[in-house]
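Visitor: The structure follows.
Coordinate-derived values only; no laboratory data. On a predicted model such as this, the values are computed, not experimentally measured, just so you know. So basically every Cβ, Gly included, is an ideal-geometry build from the backbone, and we count neighbours across all protein chains shown.
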Amino acid sequence: MIKLIDLEKSVRTGLNRAWILNQVNLEIKAGEFVTIMGPSGAGKTTLLNIIGMLESPTGGEYHFLDEPVHRLNERKRHDIHKQYMGFVFQAYHLIDDLTVYENIETPLLYRNVKGKDRKSIVADILDRFSIVAKKDLFPDQLSGGQQQLVGVARAVIHKPRLLLADEPTGNLHSKQGEEIMELFRELNEEGVTIIQVTHSEKNAEYGSRIIEIVDGNIRTDEQVRKSASVYGTK
Amino acid sequence: MLQNYFKVAYRHFWKHKVHLLINVLGLGIALASCVIAYLSWKFDHDFDHFHTRGEQIFRVVSIKKDNLQAFGVCPAPLAAAAKAEVSGVQDALILEFRNAVISNGKDTDRERISFTENAFFEWFDFPLLSGQIRLDDAATAVISEALAIKYFGTSDPVGQILTIYPDQPFQKQLLITGLLKDTPVNSSIQYELLTSVENMYNRDNAQVNLKDWTYLTDATFLMLKNPEDQERVSRYLEAYLPVQNQMHSDWQIEKFALQPLNTMAHHADDLRWNALGQSLPPSMVWGMTLMGILLLLTASLNFTNMSISLSGRRLKEIGVRKVIGGSRKQLIWQLLMEGLLISLIALGVGLLFTDWLLPRYNQMWTFVDLHLVFTQNLPLVAFLIAVLLTTTFIAAAYPAFYISGFNPTGIFRGKVKFAGANLFSKILLGAQVGISTIALVAGFAFTRNAEFQKNADIGFQREGIQAIRIPDEQTFRVMEANARQHPQVQAVAGVRFHIGDSAPRIEVKFKDKKQEVEFMPVGENYLEVMDIQLLSGRSFDYQLSTDFTESILINEKFADLYFQDGDPLGQQLTLFDTLRYNVVGVVKNFIQDNFHDPIRPLVLTLTKPDRFGYLVIKTQSADMLEVRDHLSVAWKKDFAQMPFEHYFQDDFLASSLKTNTNIQYIFSVFALIALLLSMTGLNSLVSLNLLKRLKEVTIRRILGARPSQIAYLLSAHFLIVAFIGLAVGGLIGLKLSEMLLNSIYQVHVGVTYFSLLVAGIVVVIVAFLTISRSIVQAITANPSDALNND
Ligand SMILES: Nc1ncnc2c1ncn2[C@@H]1O[C@H](COP(=O)(O)OP(=O)(O)OP(=O)(O)O)[C@@H](O)[C@H]1O
Ligand SMILES: [Mg+2]
């Protein structure tokens, strides 16, 4: 599904060039549940953003479902991003002026899903995540864990094939964190490929593979167990 | 999706109600002035456009040979001749006017009577409300609603009798046969009472002979079969020049010109002896337009500034929307739609405001009558849509295109700190302050001019002076005696054309040149009563009988224009081709009509009471009303058949002053709104800046910075920008005020840097008051709060 070849990301700092990612080679198959770990400032978020097409690499190749992303134009990249990917953030990043229901519904609006279908899809997910009672509340009326539940619901509402999560439990205490991780496991079992960044060994155990990044390089890459998903094709 | 946008917009703005309210009101008022500017333009543009056959109708004007100026009058026989003999002319029509006394037996007043024939109503679309038109019968008349109400109140005027010329031997009773709708204000032809041309009398009390080439009609219209024949027909009319010029040797015509009915009102300002109306003063249209545009700009820019300063909050939303699938295009649309929504609300507010304002605006100017009517008014609707889109674009384009371009990762990493104080918003602030200053400077310039009009030395005594119009010597003698009887009356005098009642212009020959000058025959004592100062030579000597026939005074202007290289005293002037006078003195310039008109070269002769037109009475100011009442009672006793036409001297200057006060008022309101808007902008910029730099400021304070240094740190760069705006706006304001004053008044106080100084002081004080709150907040904030709260 994802193939990175000699990927690099550098930024100018004054006269010098600083490499945030350097010579990253990586292949991730559909159905995997990958955990990225590493010290602060190692480049984990940057890697995730590049995979999620929120940032562009400065060198190397990025293939997604056999499409050479590094050669595609902005519009095409946006289309792939929109069709296949969902994002979960450490700081939840819900839209403050929209209710829970409206936040979850918004991705469907951008995908032109018709009103009736939209209602039933949102209703299903509210039900599944047990947040029906909260649907008319605004984000600042929810606890962190509840907000992150909404964040995950919003990320998967359009059934993405790839879920990218940057320290999704970083702001939560362990009980809430576990709830989110359980959800991830379920989603992964349903066939969603997941890449998460985390500092927590415990969270890492939910995954099938752990990649450790240090100073913009992949230090270790180990398969902890067989990929849970059987639906993956690539 | 729209609903989603709408909810976000609604909730977002609801959290910033005050900001939004100020902005919507500002935009609303700005849009209202744009709408008024448009309506004024349209009103002016549509002058005389309501006649179905208007395309075919042309007015004949005469170009005089000696000065090549266009005159509204035309030799009377031309109409009949053109109709009979000139091919392409389908019909011809004469329209005449007289200011004459009319009476219903009870009320008597001087009115403007129009003389024409039945065909007038086939030519022009002036609707008859009731009765019929029978102008072929010279014993009938039709009147306007306004006149009907004045003389007959609520009772039906049709069938009633009005007497015209009750003060004359040839007085005549007319049967009112029809009631006409009042003329629209933007019509060159204005009537009150229309009757047959047969009822016209000339100066010698004889019926007017329309076959007389020396008789000039007020307006002659031709109806052409084909409007394209305009040039050709005016060439054909040249055939009548020889006969006219032979018959009327002292009024030689160079040629005739045809003015289309549809556009003539816009050329009427250059037309002399024009008995028809004219379009709006151009400054009225461009002044309003300029004001509308400037206000709209200020208000839209303020909106932009608000969007930018509030966008810190919106950034996260923008980033999130991009991550969850929104394209940049969709985000631009979302932000533009928000702008459109606000503009739409503002337009609603603006239209309500216009609706409220229009009656008041119409009342300010007698020659304006604007209405906001949407039905069957596609141009207005199109204009509103255009304004709406423009506003939206100015207000929302910058935030929409700029903010939507940010990368979500940049936003989430907190690298995009987009709030307030970027270069763009500083430029906006400068522009707003500049616009406010323009309005302030103009407001002060007109305030100064109002003072000038009230107090300036205008060359004659205006306090304690009143005048009554008198028709003949006998009336003069009786009223003069009545006035002298009153103990408070200090002096009286007679004059033919009183100051303020535009004296006629005549031709004067001297040094083998002919010049047109104003002509003012005065009675004994008039110069003393009016306190007109002598500059050189001597004044009239009332004992000297030759002074009545041979001596003449000229004004300073005359001397300056035509006697630069020599002493005018002793020079000989010839009036009316035969009467010779010697210049015995020069008088100081004085305002002859009002401030709208220039001071013109003038001659004064001494005349006897048989030529008087006014009785002028001088008292203490406090006694004026009492004396007026005394005279009014005396008049009613002896001359009940004639109207008592009374003027206070200040009445003549009142219209100039009213115009000035109106403009002053408009600019004050404009300045107030612009200032309010720009200060909101300044406030949001400074308080945002404070928010961003609170921590820095606090640390500096702990390190020992003085309050003045903190104040400087927070506001210096805004104040510099505001100062540049102030300077540029001030200079533009001065230039603009001068242009406006020049276009309205021939005599005015001019502009000085003083207005700029006052405006500058006002802006600086208001700006300091505006930012002082934020600065005090910065200086007094508790350091530990400021540092922890991050
Ligand atoms: N656009 C940029 N310009 C300059 N430096 C950047 C940019 N983006 C990231 N960096 C730097 O690159 C490095 C890697 O950043 P990144 O956010 O990927 O680290 P991380 O592994 O996610 O760290 P953390 O665990 O703290 O989230 C950091 O030192 C960061 O400061
Ligand atoms: Mg990170």
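Visitor: Per residue of A:108-115, what is the mean number of Cβ atoms on other protein chains within 10 angstrom of that residue's Cβ?
Guide: Mean partner shielding for this stretch: 3.
Visitor: Sticking with this one: Quick one: order B:Tyr201, B:Tyr398 by neighbouring beta-carbon count within 10 Å, fewest to most.
Guide: Starting with the residue having the fewest Cβ neighbours, the order is B:Tyr201, B:Tyr398.
Visitor: Scan around B:Gln533 for amide H atoms under 5 Å from its own, H built in the peptide plane at 1.01 Å from N, and keep only partners 5 or more places away or cross-chain.
Guide: Residues meeting the criterion, in which the H sits 1.01 Å from N, are B:Lys588.
Visitor: Considering all projection directions equally, how large on average is the shadow of the alpha-carbon convex hull of segment B:489-543, in square nanometres?
Guide: With the hull built on Cα positions only, its mean projection is 5.3 nm².
Visitor: When the helix-only estimate is applied to the protein assembly as shown (DSSP H runs of n ≥ 4, each -39,500 (n - 2.57), divided by the residue count), what is the mean residue ellipticity at 222 nm, nearest 500 deg cm²/dmol?
Guide: The helix-only estimate for the protein assembly as shown comes to -15500 deg cm²/dmol at 222 nm.
Visitor: Of A:Lys76/A:Lys159; B:Lys150/B:Lys658; A:Lys3/A:Lys114, which ones are farther than 23 Å apart at the Cα?
Guide: The pairs that break the limit, which is 23 Å between Cα atoms, are B:Lys150/B:Lys658; A:Lys3/A:Lys114.
Visitor: A further question follows. When the dipole is taken about the Cα centre of the protein assembly as shown, and only Lys, Arg (+1) and Asp, Glu (-1) are charged at their Cβ, what size is it in debye, to the nearest 20?
Guide: 4860 debye
Visitor: So for segment B:514-611, considering every pair of alpha-carbon atoms, how many percent are separated by more than 19 Å?
Guide: The calculated P(r) of segment B:514-611 puts 37 percent of pairs beyond 19 Å.
Visitor: Follow-up question, since we're still on this one. Quick check: the angle from helix A:74-84's long axis to the longest principal axis of chain A, C-alpha only, nearest 10 degrees?
Guide: 60 degrees
Visitor: Taking θ = phi - 60°, what integer Hz values does the Karplus form 6.51 cos²θ - 1.76 cosθ + 1.60 yield along segment A:21-28, in sequence order, with x for Gly and Pro?
Guide: Values per residue, Gly and Pro as x: 10, 9, 6, 8, 10, 7, 10, 10 Hz.
Visitor: Return one number: the angle in degrees, 0 to 90 and rounded to the nearest 10, between the long axis of the Cα atoms of helix A:144-156 and the longest principal axis of the Cα atoms of chain A.
Guide: Between the helix axis and the principal axis of chain A, the angle is about 80 degrees.
Visitor: Give me the number: length gained by fully extending A:Arg225 to A:Asp140, i.e. 0.36 nm times residue separation minus the C-alpha to C-alpha distance, one decimal in nm.
Guide: Full extension from A:Arg225 to A:Asp140 adds 26.7 nm.
Visitor: OK, next. Could you list, bin by bin from short to long, the percent of Cα-Cα pairs of segment B:637-770 in 5 Å steps?
Guide: 2, 8, 12, 15, 12, 10, 8, 7, 6, 5, 4, 3, 2, 2, 1, 1, 1, 1, 0
Visitor: I would also like to ask the following. Please give the helix A:174-189 orientation as an angle from the longest Cα principal axis of chain A, in degrees from 0 to 90, rounded to the nearest 10.
Guide: Taking Cα atoms only, the helix is inclined about 80 degrees.
Visitor: Still on this structure, please answer the following. What distance in nm separates the simple spin-label points at A:Leu65 and B:Gln543, each placed 7 Å from Cα in the Cβ direction?
Guide: It works out to 12.0 nm between the two label points.
Visitor: Shifting gears a bit: Please state the Cα pair-distance histogram of chain B with 10 angstrom bins from zero: what percent is in each bin?
Guide: With a bin width of 10 Å, the distribution comes to 2, 11, 16, 19, 17, 13, 9, 7, 4, 1, 0.
Visitor: Let me ask something additional. What is the spin-label model distance, in nm, from B:Glu645 to B:Ala80 if the labels are put 7 Å beyond Cα along the C-beta direction?
Guide: A separation of 3.1 nm, rounded to one decimal place.
Visitor: Tell me, what is the FRET efficiency for A:Asn217 and B:Asn407 to the nearest 0.05, using R0 = 35 angstrom and their Cβ-Cβ distance as r?
Guide: So the FRET efficiency works out to roughly 0.90.
Visitor: Let's test the formula: R0 of 51 Å, r as the Cβ-Cβ distance of B:Trp273 and B:Tyr712. What FRET efficiency results, to the nearest 0.05?
Guide: 0.15
Visitor: Going by amide H atoms built from the backbone, whose H comes under 5 Å of the H on B:Lys255, apart from near neighbours?
Guide: Sorted by chain and number, the residues that satisfy this are B:Ile63.
Visitor: May I ask you to list the chymotrypsin sites (Phe, Trp or Tyr not before Pro) in segment B:570-648 that are in a DSSP loop and have at most 11 other Cβ atoms within 10 Å of their Cβ?
Guide: B:Phe576
Visitor: Now for a separate question. Can you give me the span-like helices of chain B, meaning DSSP H runs with 27 Å or more of Cα extent along the axis and Kyte-Doolittle mean at or above -1.0?
Guide: The qualifying helices are B:17-45, B:282-323, B:328-364, B:378-403, B:423-455, B:649-702, B:707-744, B:753-780.
Visitor: What is segment A:2-223's relative contact order, in percent, from Cα pairs under 8 angstrom and six or more apart in sequence?
Guide: 31 percent
Visitor: Continuing with the same structure: So if I take the centroid of the Cα atoms in segment A:47-76 and the same for segment B:515-558, what is the distance between those two points in Å?
Guide: That distance is 98 Å.
Visitor: Determine which residues of segment A:129-151 fall in the zone a paramagnetic label at B:Lys15 would reach in this model, i.e. backbone nitrogen under 12 Å from the point 7 Å along Cα→Cβ.
Guide: Counting only backbone N, you get A:138-141.
Visitor: Which order results if B:Asp547, B:Asp137 are arranged by neighbouring Cβ count within 10 Å, fewest first?
Guide: Final ranking by Cβ density, sparse to dense: B:Asp137, B:Asp547.
Visitor: Moving on. Could you calculate the contour length gain from B:Lys735 to B:Phe723, that is, 0.36 nm times the residue separation minus the distance between their Cα atoms, to one decimal place in nm?
Guide: 2.5 nm
Visitor: So the label point goes 7 Å from the Cα of B:His596 along Cα→C-beta, right? Which residues of segment B:451-478 then have their backbone N under 17 Å from it?
Guide: B:453
Visitor: Could I ask something else about it? Across peptide A:100-107, how many C-beta atoms of other chains are within 10 Å of each residue C-beta, on average?
Guide: Mean number of neighbouring Cβ atoms from other chains: 3.
Visitor: Quick one, what does Rg over Rh come out to for the protein assembly as shown if you take C-alpha atoms and the Kirkwood Rh?
Guide: Ratio of gyration radius to Kirkwood radius for the protein assembly as shown: 1.16.
Visitor: Treat each spin label as a single point 7 Å out from the Cα along the C-beta direction, and report the B:Gln207 to B:Gln168 distance in nm.
Guide: 1.3 nm
Visitor: Once Rh for segment B:465-653 is found with the Kirkwood sum over Cα pairs, what is the Stokes-Einstein diffusion coefficient at 37 °C and 0.692 mPa s, in µm²/s?
Guide: 190 µm²/s
Visitor: Taking neighbour Cβ counts within 10 Å as the exposure measure, how do B:Tyr10, B:Tyr5 sort from fewest upward?
Guide: Arranged by neighbour count, lowest to highest, B:Tyr10, B:Tyr5 become B:Tyr10, B:Tyr5.
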